[in-house]
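Throughout, read-outs are computed from the coordinates displayed, never taken from laboratory work. All figures in this text were calculated on a predicted structure; none of them were measured in a lab. Please note: Cβ atoms are built from the backbone with ideal geometry, for glycine as well, and neighbour counts cover all protein chains shown.
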């Protein structure tokens, strides 16, 4: 079996586009093994390769992160709810990161909200004011 990976990813035109590293190569910090690069760093490189996204902000599209929680001894997929609500996308992420689904926790995270989510949140908040 291949070694499990941690990293960051985007959902771009139905594709999971990721940047990864074997989780064993990343040192734990605060009980977590997290890929060291951020989405904005990956984004500038993706824009050079994909003309469909050259004018989008790095926070526009659904995205997420796979990390390893040392205490829980589980991988965590933190992602935008547009990803978490689709079992087929979660299955692809689990497969691409070489994870055992029984050893994965899925969590929504406020850091990974796409523009649509932000707009929905802002609309809801202004309607409730």
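For the reader, a short list of remarks on this structure follows.
- Mean-square fluctuations from a GNM of the chain, with a 10 angstrom spring cutoff on Cα atoms, peak among 34, 21, 72 at 72.
- Degrees, to the nearest 10: 39-49 long Cα axis against longest axis of the chain: 80 degrees
- Spin-label model, residue 98 to residue 73: label points 7 Å out along the Cα-to-beta-carbon direction sit 2.1 nm apart.
- Normalised by residue count, segment 1-51 yields a Cα convex hull volume of 101 Å³ per residue.
- Kirkwood Rh in Å, taken over all unlike Cα pairs in the chain: 15.4 Å
- GNM on the chain, alpha-carbon springs under 10 angstrom: the most fluctuating residue among 23, 75, 106 is 106.
- Spin-label model, residue 109/residue 25: points 7 Å from Cα along the beta carbon direction are separated by 2.0 nm.
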